[in-house]
1. Would you work out the relative contact order for the chain, in percent, from Cα pairs under 8 angstrom that are 6 or more residues apart?
2. Could you state the number of Å between the C-alpha centres of the stretch 25-41 and the stretch 77-107?
3. Using a 10 angstrom cutoff on alpha carbons, build the Gaussian network for the chain and name the most mobile of ASP310, ASP262, ASP68.
4. Just to check, using Stokes-Einstein with a Kirkwood Rh over alpha carbon pairs, what's the diffusion coefficient of the chain at 4 °C and 1.567 mPa s in µm²/s?
5. Calculate how steeply helix 234-251 sits against the longest principal axis of the alpha-carbon atoms of the chain, using the helix alpha-carbon long axis, and give the answer as 0 to 90 degrees to the nearest 10.
6. With Rg and the Kirkwood Rh both taken from Cα atoms, where does Rg over Rh land for the stretch 125-273?
7. Among the listed pairs LYS110/LYS151; LYS5/LYS212; LYS39/LYS342; LYS109/LYS299; LYS27/LYS151, which have their C-alpha atoms separated by more than 21 angstrom in this model?
8. What ³J(HN,Hα) values, in whole Hz, does the Karplus curve 6.51 cos²θ - 1.76 cosθ + 1.60 give for the stretch 156-161 when θ = phi - 60°, with x put for Gly and Pro?
Amino acid sequence: MKNYKITKLQVQNFRNLANQLIQFSPKINCILGENGNGKTNILEAIQVISSKKSFRKNQSFPQFLSVDCEKPEIIFSSVFIDFEENPFSYSSKMTAEEMAFYQNGKPIKKRIDIKTVFINPFDSYGFHTNSSDRREWIDRYLSLLDEHYKKTLSRYQTLLKFRNTLLSKKPPKYIEQLKATIEDFAVLSFEITQKRLQFLNEMAPFMNQTFKELFLEVHDLHINLDSRIGSMSPKDIALMYANQLEKDIERSMTSYGPHKDDYVLLFDGFNSFDFCSLGQQKMSYLSLLFAYIELFRYKYSSYPIVLIDDVSGELDQHRWRRLVEYLEKSQFQVLVTTANEKFKEELERIEGANKIHIKNGSIISQ
Ligand SMILES: Nc1ncnc2c1ncn2[C@@H]1O[C@H](COP(=O)(O)OP(=O)(O)OP(=O)(O)O)[C@@H](O)[C@H]1O
Ligand SMILES: [Mg+2]
């Protein structure tokens, strides 16, 4: 898999963005402007045309559609370059019903899968405080790397839903059907757990390295999977599910499985949530993400497009400087936004970076 870089984007009717050409450098792009002017909207538009999805939990066509639109459709027009720097035009028409894609002006049935990593200011807090955010994080990024994992996870979730529907019937009348799901459920649980363990192992060598490169500090950063079935065979897992069936019937739900797993981020051996300051949590989280980006490159000799939405909060000026220096050294395409005047000064110092100033949804200088 080789990834792409974006060089041009123009949108019609997407949130507050003007119908205007925005040009990007294949390296660093700084998007600068005051609060509420459209910086995040540019990143979101790139994410939507790349993956059909937005980073927001609440994402729907009416939300994307500009409140000032004359026609209920959104047009994304863009130019990407492939791994050999060949440009191609890629556009999309989004309506309430569907999203159609065009490459070099011709309709295509299967959209191009463009990998992006979105880093936003709230993710670090969510990752450190909610187990569901941690699970979602691992599932999202592991799925981006491994199509097979994505499919296995989706099969697991479908079977879990089916089991929970049977378990919710009172009085219990589907015991035989539930027993019949156990073997498949155990095999899927085993495959998911093994893939997760392998992913965390592969991340490990990159984590300390990125922390040190990013912040010039040596810390031991480690992420572990907290799972009951980590060392069990599919047969043992099936036995465990069988023994648990009575309790599951009582509780009307599948009380254990990979959907209940959790992850522990260890900072110098301590649980980072209990031990770290907010700034250190942010630093650990950014190191985790950049470790992921390096693992992506290691596996695919290619980088995802990195979209960084104002992460300057909680970090001091010294850390901002290190972050900027890290981005300057990196090979990936990055778009970084800020409304923070001081962080903006750091970004403006980057030689050769593409600086995009935005006001009321319009690019005022580039
Ligand atoms: N559907 C929509 N139609 C028109 N404008 C919208 C729509 N959805 C959001 N907006 C506007 O987009 C603007 C927010 O844009 P965005 O989140 O990109 O700002 P920002 O520059 O990232 O600000 P901040 O620095 O505060 O993060 C707001 O002014 C909001 O009113
Ligand atoms: Mg924003």
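1. For the chain, the relative contact order is 26 percent.
2. Each part reduced to its Cα centre gives a spacing of 22 Å.
3. ASP68
4. 58 µm²/s
5. Taking the Cα atoms of the chain, the angle to 234-251 is about 80 degrees.
6. 1.05
7. Correct reply: LYS5/LYS212; LYS109/LYS299; LYS27/LYS151.
8. 4, 5, 5, 5, 4, 4
Each value in this text was obtained by applying a stated rule to the coordinates, not by laboratory testing. The shown structure was predicted, so the numbers you read here are calculated from the model rather than taken from an experiment.
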